[in-house]
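The values are calculated or read from the model by the stated rules, or taken from the named source; none is laboratory data. The model shown is predicted, which means the values in this text are computed figures rather than measured ones. For neighbour counting, all protein chains shown are included, and Cβ atoms are generated from backbone atoms with ideal geometry for every residue, glycine included.
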């Protein structure tokens, strides 16, 4: 039988990872438009650091939940 709490946790974790992807995408045009010899400002680096850290944490949390779900089902490779 499906565990509705587990399913809701998966949905929430997935939404978190997707929202951090949206934050990265919001920075995409600025990053891609940077000239190779451009001086990257401290403010730009802080914004990138925050967005990438949030994305890494959210992605790892989602991965951890998926691995836990797989282990409960004895599907871990």
All positions within the range 34-49 that are out of contact with any helix residue (DSSP H, G or I) (no Cβ under 9 Å at 6 or more places or on another chain) and either under 19 Å from residue 19 (Cα atoms) or touching a residue at least 24 places away in the same chain (Cβ under 8 Å) (or both): 46, 49
Single condition residue 40 does not satisfy, out of (1) modelled with pLDDT under 95; (2) surrounded by 10 or more Cβ atoms within 10 Å (Cβ to Cβ); (3) closer than 20 Å to residue 73 by Cβ: (3)
Hits in the range 1-37 (condition: outside any helix (DSSP H, G or I) and within 23 Å of residue 73 (Cα to Cα)): 1, 2, 3
Single unsatisfied condition, residue 52 versus (1) free of Cβ contacts under 8 Å to residues at least 12 places away in the same chain; (2) closer than 30 Å to residue 11 by Cβ; (3) surrounded by 10 or more Cβ atoms within 10 Å (Cβ to Cβ): (1)
